[in-house]
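> Encoded as structure tokens, here's the structure I'll be asking about.
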Amino acid sequence: MNSLSELLSVAIVLLAVLVFVAGTVALIRLPDVLSRLHAISKIDNLGFGLLVLGLILIQPAWIDGVKLFGIWILVLVSSAATGQLIARHAVREEPR
Amino acid sequence: MMIWSVIDILICALVVALAMAALYAPALRQRVMFFIAFGLVVAITWARLHAPDLALAEAIIGAGLTGAMLLMSLDHTSDMPREPASYGLRIGSAAMGGVLILGLMMIVSSLYPIHDGAPTLAVSQRQVESGVSHPVTAVLLNFRAWDTLLELAVLLSAALGILNLGPARRSCGHAASLTDGLARVLVPLLILSAGYLLWKGAFAPGGAFQAGAVLASAAVVIHLTGWEKLPRVGLRSLRLLLLVGPTLFVAVGLLPLLNGQAFLQYPVELAGLLILLIESAAMVSIAGMLTLVYLGGHPHANWPIELVNPKEPM
């Protein structure tokens, strides 16, 4: 019942949850925009990546794994771009 | 399963909390953000209720396009200090809200127990006659095609209204190389997924509305990046774009009349092809209409062109 890949998947998803919790706490606690941005991009890149990896391991069909990987790449691309945009805006607004 | 009921209750609580936040957050910008989050959670709710068609539409239109439209109009509004409403008005609106909630609760509770009743049975029995294998598409474009046609007409009249508002808002144009690159990745993917959703609609959740909304979001991405190199849409092609869906729908609906059949009663053997044809044209028109809703005005930069003197009272 509990094969090796399922156990591995649970471990990785738990790790992802840890990253999500840490990132959320950082988002609430950190003082300024840039460090909050750092926290939230860690959630997108690392947390979501681990979540996808964990879910890929338990997909019955390999094509679903490929789709999940594609979703992760899309999230990576958009979060990198929007992160830059927000950071640029924040830096421009700073010396008021 | 126990765990799912916990998740469902959490989602319900989140929907209510986000709705409250969208109404009562202090700043307008925060309310818009909460409204976008609200749309996403409502999409998840539809998915949990096994209604993937609605979940797709809500995620694309409710959260995505409406969110983009609200954010866009935020740039042109300022937070106006609101005068507190008078005591009588507040009591009155609270009473009306209470009556509405009670009425809705009575209606919803009268629906229980939910079971696959006569309507579901009727659709599944006559599924073969519809020309498509997905029940939602069969209902939308064959059994109740009238409703869909009128929905298109409603959207068209909204778009016509918007065209009369004046020139569209200017794009803020983050012409950074980064957003340019992102758009170059996103726009082809969005067009591809619109085509996929359109084709898939015959056998699985998807269809003209979802596909049109995805196409419209590609237009939003282009507008936000401020791509100046794109060819301008002329007046004639804009009219063609908006009218091709409704016109084709009516034309296909009129054809059976020649055979002595009812309006929109497609011949069974051609139904699948006709539905695909209608949906393709409808997708293009819906994309145009939703883009206009987002732009909030005429895409022509100095519309109306032949305005003599705008200050002169007519």
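The values are calculated or read from the model by the stated rules, or taken from the named source; none is laboratory data. This one's a predicted model, so the numbers in the text were calculated from it and none came from an experiment. Using ideal geometry, Cβ is built from the backbone for each residue, glycine included, and neighbour counts are taken over all protein chains shown.
> Residues of segment A:53-70 being within 14 Å of another protein chain (Cβ to nearest Cβ) and more than 23 Å from residue B:186 (Cβ to Cβ), which ones?
none
> Can you name the condition, by its number, that residue A:73 falls short on among (1) part of a helix (DSSP H, G or I); (2) free of Cβ contacts under 8 Å to residues at least 24 places away in the same chain; (3) more than 14 Å from chain B (Cβ to nearest Cβ)?
With (1) part of a helix (DSSP H, G or I); (2) free of Cβ contacts under 8 Å to residues at least 24 places away in the same chain; (3) more than 14 Å from chain B (Cβ to nearest Cβ) applied to residue A:73, the lone miss is (3).
> Which residues, taken from segment A:54-67, are over 19 Å from residue A:78 (Cα atoms) and in a helix (DSSP H, G or I)?
A:54, A:55, A:56, A:57, A:62, A:63, A:64, A:65
> Go through segment B:207-230 and report how many residues are surrounded by fewer than 24 Cβ atoms within 10 Å (Cβ to Cβ) and part of a loop (DSSP other than H, G, I, E, B).
Residues flagged as surrounded by fewer than 24 Cβ atoms within 10 Å (Cβ to Cβ) and part of a loop (DSSP other than H, G, I, E, B) within segment B:207-230 amount to 5.
> Considering B:224, B:276, B:290, B:197, which residue is within 21 Å of the chain's Cα centre (by Cα) and either of a type in the set (Val, Ile, Thr) or farther than 20 Å from residue B:149 by Cα (or both)?
Only one candidate qualifies: B:224.
> Right, something else. Looking only at segment A:35-47, how many residues end up being under 10 Å from residue A:83 (Cβ atoms) and not acidic (Asp, Glu)?
Within segment A:35-47, residues that are under 10 Å from residue A:83 (Cβ atoms) and not acidic (Asp, Glu) number 5.
> Filtering segment B:183-206 down to residues that are at pLDDT below 85 and surrounded by 22 or more Cβ atoms within 10 Å (Cβ to Cβ), which residue is nearest to residue B:56 (Cα to Cα)?
Among them, the one singled out is B:206.
> Do we have any residue at all in segment B:2-22 that's over 22 Å from the mean Cα position of the chain (by Cα) and within 24 Å of residue B:76 (Cα to Cα)?
Yes; the residues of segment B:2-22 include at least one that is over 22 Å from the mean Cα position of the chain (by Cα) and within 24 Å of residue B:76 (Cα to Cα).
> Is segment B:28-46 home to any residue that is of a type outside the set (A, V, I, L, M, F, W, C), exposed (fewer than 10 other Cβ atoms within 10 Å of the Cβ) and outside the structural domain of residue B:217 (by TED's automatic domain parsing)?
no
> Sticking with this one: I'd like the full set of residues that are under 13 Å from residue B:300 (Cβ atoms) and assigned to a helix (DSSP H, G or I), limited to segment B:150-171.
B:162, B:163
> Regarding residue A:22, is this residue more than 14 Å from chain B (Cβ to nearest Cβ) and modelled with pLDDT of 90 or more?
Considered against the rule, which asks whether it is more than 14 Å from chain B (Cβ to nearest Cβ) and modelled with pLDDT of 90 or more, residue A:22 comes out as yes.
> Of the conditions (1) part of a helix (DSSP H, G or I); (2) in contact with a helix residue (DSSP H, G or I) (Cβ under 6 Å, 6 or more places away or on another chain); (3) not aliphatic (A, V, I, L, M), residue B:265 satisfies every one except a single condition; which number is it?
Looking at each condition in turn, residue B:265 falls short on (1).
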